[in-house]
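Working notes, beginning with the structure itself.
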Amino acid sequence: MDAAYSWLRRSVSKLKNTTAPSSAAASDNGRDYNGKLQEEEEEKFYGITDKLIEFIKSFSIETFRNFSLPDEDGNNCDGANSGNLRKDLTDWQERHAMLVLSKVKELAQLRFKLCPRYLKERQFWRIYFKLVESYVARYELHAIQLAKLKQLRTEDDSVSKSSTCEVEMSEAKFDDSKTYE
């Protein structure tokens, strides 16, 4: 977890150290520039790299139709759709899918041709994430680690706040007992 946190710190410091456009250009294009940086950082966080995009563009209908999926103990492969994405995607996978569909039009077109005629939506995304696993696994793991760190910090903050309240309450009770003596 420390490695993930230090990676995040390095990423943020690199972002701060990048040169900004001239002040005149920044005032005219500041919003566009900041929006572009945020978009690039989000794509990087979700593992959407040039190598991944290049790999995805090599997909064809046959890539998906010839992919052998193991049966999930007889589970129904229909899957419920949420915004045309599998309901059982993790939050990270769902955001990755949305970004990659908007970034790589070839994948969006391929999905349109395949679903639901040849594949169910759920099957499409299972195959996709199996195909790109070697490209995105470390990014997803990093996101999981950051979420755990955030959860630990939240728990630590709530414990310290409740401890502070308990101390303040006990001090108030102690002060009240002195007043009435």
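Worth pointing out:
- Pair list, Cβ < 7 Å and 6+ apart or interchain, from the stretch 100-117 residues that are at negative phi to residues that are part of a loop (DSSP other than H, G, I, E, B): V100/I48; K103/I48; L107/F59; L110/F59
- Matching option when the condition is at pLDDT below 95 and in contact with a Gly (Cβ under 6 Å, 6 or more places away or on another chain), among R117, R153, R122: R122
- Residues in the stretch 75-94 include at least one that is charged (D, E, K, R), under 20 Å from the mean Cα position of the chain (by Cα) and modelled with pLDDT of 80 or more.
- Any chance L8 is at pLDDT 85 or above and surrounded by 15 or more Cβ atoms within 10 Å (Cβ to Cβ): no
- Scan of the stretch 102-135 for residues that are under 12 Å from K57 (Cα atoms), surrounded by fewer than 17 Cβ atoms within 10 Å (Cβ to Cβ) and in contact with a Lys or Arg (Cβ under 8 Å, 6 or more places away or on another chain), ordered by number: E106
- The stretch 16-55, residues that are in a helix (DSSP H, G or I), surrounded by 13 or more Cβ atoms within 10 Å (Cβ to Cβ) and at pLDDT below 60: A26, N29
The values are calculated or read from the model by the stated rules, or taken from the named source; none is laboratory data. From a predicted model like this one, the values you see are computed outputs, not experimental measurements. Virtual Cβ from ideal backbone geometry, glycine too; neighbours counted across all protein chains shown.
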